[in-house]
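One structure is given below, encoded as structure tokens.
The values are calculated or read from the model by the stated rules, or taken from the named source; none is laboratory data. No experiment lies behind these values; they were computed from the predicted model shown. Cβ coordinates were reconstructed from backbone atoms using ideal geometry, including for glycine residues, and neighbour counts include every protein chain displayed.
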Amino acid sequence: MRILEHPILGAPKKRRQVTFTYDGRELQGYEGEPIAVALKAAGVMVHRYTAKHHRPRGVFCAIGRCTDCVMVVNGKPNIRTCVTPLAEGMVIQTQDGVSVKAEEKGAV
């Protein structure tokens with residue numbers, strides 16, 4: 001499920017494979033790729049659920065502008081996974097809603 005060669009960016013550079021945890025499951029991805037890319041390659045499409053109606057959300061804009069892909073990363077909520085690089089040992093969790101701090105900043 002990975003893009004092997006992008007028509008504009010070309011082929012991705014060879015990267016080191018790393019292990020990370022997603023909702024208690026051990027998965028693998030490539031160091032430096034966006035977390036969302038590693039999750040999609042592992043078949044994960046839901047990154048968070050809306051607070052009010054518990055509706056699933058995943059990657060939408062893929063450029064860090066919306067909050068659909070936010071997740072809890074290493075205990076910190078509201079991390080935009082589409083623009084955050086994957087690193088060895090990261091602990092990633094599905095998020096419920098978006099925190100008040102993000103709403104105050106107008107990020108919702």
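Side notes on the structure shown:
- Residues that are part of a strand (DSSP E or B) and within 17 Å of residue 20 (Cβ to Cβ) within segment 78-97 comprise 79, 80, 85, 91, 92, 93, 95, listed in sequence order.
- Flag for residue 76 being more than 12 Å from the chain's Cα centre (by Cα), modelled with pLDDT under 95 and of a type in the set (Lys, Arg): no
- Beta carbons closer than 7 Å, at least 6 apart along the sequence or on distinct chains, never pair a first residue in segment 27-47 that is within 15 Å of residue 88 (Cα to Cα) and touching a residue at least 60 places away in the same chain (Cβ under 8 Å) with a second that is outside any helix (DSSP H, G or I) and hydroxyl-bearing (Ser, Thr, Tyr).
- Residue in segment 51-73 that is of a type in the set (Lys, Arg), buried (at least 16 other Cβ atoms within 10 Å of the Cβ) and within 14 Å of residue 23 (Cα to Cα) present: no
- So residue 80, is it more than 20 Å from residue 4 (Cβ to Cβ), surrounded by 20 or more Cβ atoms within 10 Å (Cβ to Cβ) and either touching a Cys at 6+ places or on another chain (Cβ under 6 Å) or free of Cβ contacts under 8 Å to residues at least 24 places away in the same chain (or both): yes
- Looking only at segment 14-41, and only at residues there that are on the phi < 0 side of the Ramachandran plot and assigned to a loop (DSSP other than H, G, I, E, B), the one that is surrounded by the fewest Cβ atoms within 10 Å (Cβ to Cβ): 14
- Index of the failed condition, residue 20 passing every other in (1) more than 22 Å from residue 95 (Cβ to Cβ); (2) at pLDDT 95 or above; (3) touching a helix residue (DSSP H, G or I) at 6+ places or on another chain (Cβ under 9 Å): (1)
- Hits in segment 44-59 - residues which are more than 12 Å from the chain's Cα centre (by Cα) and in a loop (DSSP other than H, G, I, E, B): 50, 51, 52, 53, 54, 55
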